[in-house]
Amino acid sequence: LLTLASAVWVRRTLRSDPDHPNDQPDDSMRRLLGYMLTIMGYTFFLNAILRADLFILKSVSGGDAALLTGQSGAGAVLSNQLAGIYSAMQNVARLPYQAVIAITFVAFPVVSRATFQGDRAATRLYIQQTARYSLLLVGGMVSVLIADRNSLLSALYPTEYAPGANALFWLALAMMCFALMYVGTTILISAGRPVLAGCIAIITLLVTVSTALTWVTGEIADWKLLERVATATFIGTAVGLLCTGLSIKH
């Protein structure tokens, strides 16, 4: 209902827009729809990055444990244990990413306005300020997560979750890269380049999945598997952050 009401409202607004008297409302709606669909695709791959490592971990650990023990039930139990611990580490590591979402709500409209007004100085200033505050926020949170992760885990979870401490180290770094990449791709989208942001998300997903599959396939299912998958996630998100930085710079 909200979507339908919004579509009607936007179409009426376009008809009465004095700044674009020659634009046809249907043409504007088609451009807007194409823009929205591209962002939906970007969002799909962005969420896939957040979940791919857990799916790979659960799939590989279950198969390897069953092959090792000769019992499918034992494989399922160990797979569930590993997935449960890894999922808990993800919940903690994603706190920095959740924090920067509020920053993007502010950055999107100001960067978009400055970009489409052709004000390069203002655009550069907004991007620098957004990057600086995001790095301060995310870097501070990740530093605490990494430095005191054992005490944090003992306060939040039972002792059975302690083997996830090493995985949390790499996941915290991965989510730092992911959070900054998210801010950067949001800037690209606000500047009218959603296709580029989507391509970066796809590259990040492919690197994460390929690295994880290369490192964990054939690995004996034990606690080291958690660290392997988390490290692969860090590599993928680091590549994504690098691509984002280069795209914004150019």
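The values are calculated or read from the model by the stated rules, or taken from the named source; none is laboratory data. All values reported here derive from a predicted model rather than from experimental measurement. Here the Cβ positions follow ideal geometry from the backbone for every residue, glycine too, while neighbour counts run over all protein chains shown. These accessible areas exclude ligands, DNA and RNA; they are computed on the full protein's heavy atoms, side chains included. Shrake-Rupley method; radii C 1.70, N 1.55, O 1.52, S 1.80 Å.
Kindly check whether there is at least one residue in region 135-153 that is more than 21 Å from Ala52 (Cα to Cα) and hydroxyl-bearing (Ser, Thr, Tyr).
Our first condition is that a residue be more than 21 Å from Ala52 (Cα to Cα); within region 135-153, this holds for 135-153.
Those left that are additionally hydroxyl-bearing (Ser, Thr, Tyr): 143, 151.
The answer is yes; a qualifying residue exists.
Count of region 95-115 residues, restricted to those that are open to solvent by 60 Å² or more (accessible area, probe 1.4 Å), more than 20 Å from the chain's Cα centre (by Cα) and either within 13 Å of Ile248 (Cβ to Cβ) or without any contact (Cβ under 8 Å) to a residue 60 or more places away in the chain (or both), is 1.
Residues that are more than 20 Å from the chain's Cα centre (by Cα) and either under 13 Å from Ser190 (Cα atoms) or crowded, with 17+ Cβ neighbours inside 10 Å (or both) within region 125-137 comprise just one, Tyr126.
Name the one entry in Thr208, Thr214 that is closer than 17 Å to Ala230 by Cα, out of contact with any His (no Cβ under 9 Å at 6 or more places or on another chain), open to solvent by less than 60 Å² (accessible area, probe 1.4 Å) and among the polar types (S, T, N, Q).
Numbers: Thr214 fails: open to solvent by less than 60 Å² (accessible area, probe 1.4 Å).
The conditions single out Thr208.
Would it be correct to say that Ala122 is more than 22 Å from the chain's Cα centre (by Cα) and closer than 21 Å to Val92 by Cα? In short, no.
Of Ile203, Ile146, which residue is within 13 Å of the chain's Cα centre (by Cα) and surrounded by fewer than 19 Cβ atoms within 10 Å (Cβ to Cβ)? Steps first, answer last, please.
Details: Ile146 fails: within 13 Å of the chain's Cα centre (by Cα).
Answer to the check: Ile203.
Hey, can you tell me all the residues within region 149-165 that are open to solvent by 80 Å² or more (accessible area, probe 1.4 Å) and of a type outside the set (Val, Ile, Thr)? Within region 149-165, Asn150, Ser154, Ala155, Leu156, Glu160 qualify.
Going by the structure shown, is Ala197 under 18 Å from Leu54 (Cβ atoms) and in contact (Cβ under 8 Å) with a residue 24 or more places away in the chain? Here the answer is no, as Ala197 does not meet what is asked.
Can you go through Thr69, Thr43 and tell me which one is at pLDDT 80 or above, within 30 Å of Thr233 (Cα to Cα) and open to solvent by 50 Å² or more (accessible area, probe 1.4 Å)?
Values: Thr69 fails: at pLDDT 80 or above.
Going through Thr69, Thr43 in turn, just one is at pLDDT 80 or above, within 30 Å of Thr233 (Cα to Cα) and open to solvent by 50 Å² or more (accessible area, probe 1.4 Å): Thr43.
Going by the conditions given, is Leu180 of a type in the set (A, V, I, L, M), under 17 Å from the mean Cα position of the chain (by Cα) and under 24 Å from Thr104 (Cβ atoms)? Yes: the conditions hold for Leu180. Regarding Gly118, is this residue outside any helix (DSSP H, G or I) and loosely packed, with under 14 Cβ neighbours inside 10 Å? So Gly118 passes the test.
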